[in-house]
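The values are calculated or read from the model by the stated rules, or taken from the named source; none is laboratory data. Just so we're clear, the structure is a prediction, and the values are computed from it rather than from any experiment. Please note: Cβ atoms are built from the backbone with ideal geometry, for glycine as well, and neighbour counts cover all protein chains shown.
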């Protein structure tokens, strides 16, 4: 059947089978985790060259006043939705009180406390860290924000150089790098059903479904926030672009499945980039620019979750936060969404950093670590699909949405040759 050949369906089948297998065989499923880790690493090793080349191509090829408008629109929409997400998280945490009645009864890894202490620096140091003294080192360590800063400056300089001296071989070179990396990732994604099966089999074998019961109110608050902000995205996009909202679920299906099964915006990024052009009709230059920035800066799911985490830790610890503390927690949530969601597994350090910054008991964060995989699903779902919504808004403002492609009456130009992708 044709439906069984769909990447989204195959990945979903792998996810369900992995959970069932893990629950049946128990801890033995941990022996399969290395296969899932290899799959994640294959994707991760492609992210730095893909992001760097995409940003350079997007900024290097921009011309005229439209370039500044596109950048302004991208940052404006992202920041606006991030602030809204912080307020939604605060409101839901106050309403639901997810931490009330909770008690911490486990031990934290001391290494997490040390890592969080190193992270808890002033905002000046945080902003300074956005600029690397060695871009090669930043690429080696996967520090996405410094890489994007370098790529933006390089692309802008290339843009100016080309305008003064005429076309060079540099821009076509990066265009070809981008196309080749996308093709490489398409090959890797053929392994996605197997990789996802192994990852979820390990998780189910180790913790089962019992972990959910330790923080149902916390999960419920996060889920409610995701629903509210997703609805807001949809309302704003439809009101601004006048696109048919009934077509969106099917277009978002593939990237949603990848997002919720890997809990990684970075791993999902190639799928999002491809779908933006091929399914939503967003122009390639808008997709390259907006989605690359969105992967590290347009993370409403992270902002929502981190705001709830601040209130949860305070409530679980019996600490009453002042309005200033709450405002600081929300500001930190907005700041921390930059560059912290590209790979799974970073939540424990973030949670402890938030607790440390607000002088809250670090131990309370232990209540959240066991269920982070589930909140990671919700965060990544909103991060990934929110990026696409922002790209639609930016593309509409630039007049660069192919409505025939969106309607499905026309095929978009493939970002890589069809014969190579086959």
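Among the residues in region 391-401, are any touching a helix residue (DSSP H, G or I) at 6+ places or on another chain (Cβ under 8 Å), under 27 Å from residue 226 (Cβ atoms) and either modelled with pLDDT under 90 or not in a helix (DSSP H, G or I) (or both)?
Checking region 391-401: at least one residue is touching a helix residue (DSSP H, G or I) at 6+ places or on another chain (Cβ under 8 Å), under 27 Å from residue 226 (Cβ atoms) and either modelled with pLDDT under 90 or not in a helix (DSSP H, G or I) (or both).
Would you confirm whether any residue within region 158-171 is assigned to a helix (DSSP H, G or I), more than 23 Å from residue 72 (Cβ to Cβ), within 24 Å of the chain's Cα centre (by Cα) and touching a residue at least 24 places away in the same chain (Cβ under 8 Å)?
Among the residues of region 158-171, not one is assigned to a helix (DSSP H, G or I), more than 23 Å from residue 72 (Cβ to Cβ), within 24 Å of the chain's Cα centre (by Cα) and touching a residue at least 24 places away in the same chain (Cβ under 8 Å), which makes the answer no.
Here is a yes/no grid of residues against (1) part of a helix (DSSP H, G or I); (2) closer than 29 Å to residue 153 by Cα; (3) at pLDDT 85 or above:
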position	(1), (2), (3)
19	yes, no, no
24	yes, no, yes
28	yes, no, yes
34	yes, no, yes
41	yes, yes, no
46	yes, yes, no
54	yes, yes, no
63	no, yes, no
68	yes, yes, no
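Quick grid of which residues meet (1) farther than 13 Å from residue 376 by Cβ; (2) at pLDDT 90 or above; (3) surrounded by fewer than 14 Cβ atoms within 10 Å (Cβ to Cβ); (4) more than 22 Å from the chain's Cα centre (by Cα):
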{"position": "217", "(1), (2), (3), (4)": "yes, no, no, yes"}
{"position": "221", "(1), (2), (3), (4)": "yes, yes, no, no"}
{"position": "224", "(1), (2), (3), (4)": "yes, yes, no, no"}
{"position": "230", "(1), (2), (3), (4)": "yes, yes, no, no"}
{"position": "233", "(1), (2), (3), (4)": "yes, yes, no, no"}
{"position": "237", "(1), (2), (3), (4)": "yes, yes, no, no"}
{"position": "263", "(1), (2), (3), (4)": "no, no, no, no"}
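Can you tell me which residue among 302, 314, 327 is surrounded by fewer than 22 Cβ atoms within 10 Å (Cβ to Cβ), modelled with pLDDT of 80 or more and in a helix (DSSP H, G or I)?
Selected residue: 327, the only one of 302, 314, 327 that is surrounded by fewer than 22 Cβ atoms within 10 Å (Cβ to Cβ), modelled with pLDDT of 80 or more and in a helix (DSSP H, G or I).
So which residues in region 270-328 are closer than 15 Å to residue 255 by Cα and in contact with a strand residue (DSSP E or B) (Cβ under 6 Å, 6 or more places away or on another chain)?
276
Within region 337-349, how many residues are buried (at least 23 other Cβ atoms within 10 Å of the Cβ) and either at pLDDT 70 or above or part of a helix (DSSP H, G or I) (or both)?
Residues flagged as buried (at least 23 other Cβ atoms within 10 Å of the Cβ) and either at pLDDT 70 or above or part of a helix (DSSP H, G or I) (or both) within region 337-349 amount to 1.
Which residues, counting only those in region 246-281, are more than 25 Å from residue 83 (Cα to Cα) and not in a helix (DSSP H, G or I)?
279, 280, 281
Could you tell me whether any residue of region 107-117 is closer than 30 Å to residue 60 by Cα and either modelled with pLDDT under 85 or surrounded by fewer than 17 Cβ atoms within 10 Å (Cβ to Cβ) (or both)?
No: region 107-117 contains no residue that is closer than 30 Å to residue 60 by Cα and either modelled with pLDDT under 85 or surrounded by fewer than 17 Cβ atoms within 10 Å (Cβ to Cβ) (or both).
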